[in-house]
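Read the figures in this text as sums done on the coordinates, not as results from a lab. Worth saying up front: this structure is predicted, and the values here are computed from it rather than measured. Please note: Cβ atoms are built from the backbone with ideal geometry, for glycine as well, and neighbour counts cover all protein chains shown.
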Ligand SMILES: Nc1ncnc2c1ncn2[C@@H]1O[C@H](COP(=O)(O)OP(=O)(O)OP(=O)(O)O)[C@@H](O)[C@H]1O
Ligand SMILES: [Mg+2]
């Protein structure tokens, strides 16, 4: 079967810094892969390429069997990819419903009488955030008054509202409390079951990696240094691959 996503021999440099060097991997529909690696390994750069924020210098991105040029976030969304970025990318001057419905606003009436349906959008926002167990102090306040965790929950809520086929999560729970993190994990598990959504998860948390993903792709200094099935792989091996000590003693190539 054709995989949902194929990343083929992708490289990306920033000036003299090679952030990604010849990365290739595949992601099947409904599959959940953890993208692991230390700070600066290239994970967020790869996310930016898949989300249409950056273009690869070399290599290609193939979605459902066809080469795709993702030159802006809208094109990535249209290809079925929805992303929660590490730096969140909310509009701080908009309120919670404004952010949740950005670019997909609800209207009532029709033709020249069409007006924004603020009440409906507020209702959906309250319900969506309640589902995630997140309380927002004031639905009408701009999100620059939100805490880091409230913003992260909102960014996540926005991503899972769409009809995406691939959900990319770049450290989705880094700013969340214990309960809210558990709700994010539960929601991702539910989306996989109900919508057979594929997931690309970036996390530094091995427990979260195991509760969401089936496979791990490990990056180190821009290189793809391993793809493993998680049920066959210990945490120690994952850590060793991330740090580059894997196989060093046994003489096995990573
Ligand atoms: N816009 C940019 N301009 C210049 N260098 C960049 C830029 N973005 C990333 N880099 C560099 O590319 C490399 C990979 O960065 P990236 O953000 O992809 O790492 P990461 O794996 O997401 O790390 P972290 O776990 O810290 O988020 C780093 O050396 C970083 O300094
Ligand atoms: Mg990053």
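To the nearest 10 degrees, how steep is helix 148-161 against the longest Cα principal axis of the chain, on a 0 to 90 scale?
90
Roughly how many nanometres apart are two label points built 7 Å out from the Cα toward the Cβ at residue 245 and residue 196?
4.3
GNM on the chain, C-alpha springs below 10 Å: top fluctuator among 119, 12, 43?
119
Return 62, 91 ranked ascending by Cβ neighbour count within 10 Å, so the fewest neighbours appear first.
Details: 62 16, 91 12.
Fewest to most other Cβ atoms nearby, the residues stand as 91, 62.
Whole number please: convex hull volume per residue, Cα atoms of region 77-172, in Å³.
Working: hull volume 10.1 nm³, N = 96.
Enclosed volume per residue, from the Cα hull, is 105 Å³.
Between residue 233 and residue 106, what is the label-to-label distance in nm when each label sits 7 Å out along the Cα-to-Cβ direction?
Label at residue 233, label at residue 106, 4.2 nm between them.
Under a GNM of the chain (C-alpha, springs under 10 Å), which listed residue has the highest mean-square fluctuation: 155, 41, 66?
Comparing 155, 41, 66 in the GNM, the peak value goes to 66.
Region 92-123 to region 1-60: how many Å between their Cα centroids?
34
Compute the helix-to-body angle for 178-195: its Cα long axis versus the longest principal axis of the chain, expressed 0 to 90° and rounded to tens.
Approximately 90 degrees, to the nearest 10.
Report the Rg/Rh value for the chain, based on alpha-carbon coordinates and the Kirkwood definition of Rh.
Working: Rg = 19.1 Å, Rh = 19.2 Å.
With Rg and the Kirkwood Rh in hand, the quotient comes to 1.00.
Neighbouring Cβ atoms within 10 Å as the yardstick, rank 53, 169, 176 fewest first. Before the final figure, lay out each step's value.
On the way: 53 18, 169 28, 176 21.
If I rank by nearby Cβ atoms, fewest first, I get 53, 176, 169.
To check you understand DSSP bridge types, tell me what percent of the beta bridges within the chain (both residues inside) are antiparallel, rounded to 5. Let's see the in-between values first.
Details: 24 of 41 bridges.
Given both bridge residues lie in the chain, the antiparallel proportion sits at roughly 60 percent.
Hey, rough spin-label estimate for residue 205 and residue 135, points 7 angstrom out along Cα→Cβ, what's it come to in nanometres?
2.1
Only counting other Cβ atoms within 10 Å, I'd like 105, 171, 194 sorted with the fewest neighbours first. Working shown, then result.
On the way: 105 14, 171 19, 194 8.
Listing 105, 171, 194 from fewest to most nearby Cβ atoms yields 194, 105, 171.
Pull out a ≥ b ≥ c, the square roots of the eigenvalues of the alpha-carbon gyration tensor of region 70-123, then state rounded if a/c is under 1.5, prolate if not and a/b is larger than b/c, and oblate in the remaining case. Don't jump to the answer; show the numbers that get you there.
Numbers: a/c = 2.83, a/b = 1.53, b/c = 1.85.
Verdict is oblate for region 70-123.
What is the angle, in °, between the Cα long axis of helix 118-131 and the longest principal axis of the Cα atoms in the chain? Nearest 10 is fine, range 0 to 90.
Helix 118-131 and the main axis of the chain meet at about 40 degrees.
How long is the gain from residue 119 to residue 189 if the chain were fully straight, where each residue apart is worth 0.36 nm and the alpha carbon distance is subtracted?
Numbers: separation 70, 0.36 × 70 = 25.20 nm, distance 2.99 nm.
This chain segment gains 22.2 nm when fully extended.
Under a 10 Å cutoff between Cα atoms, tell me which one of 236, 67, 57 has the largest fluctuation in the Gaussian network model of the chain.
Most flexible of the set in this elastic network: 236.
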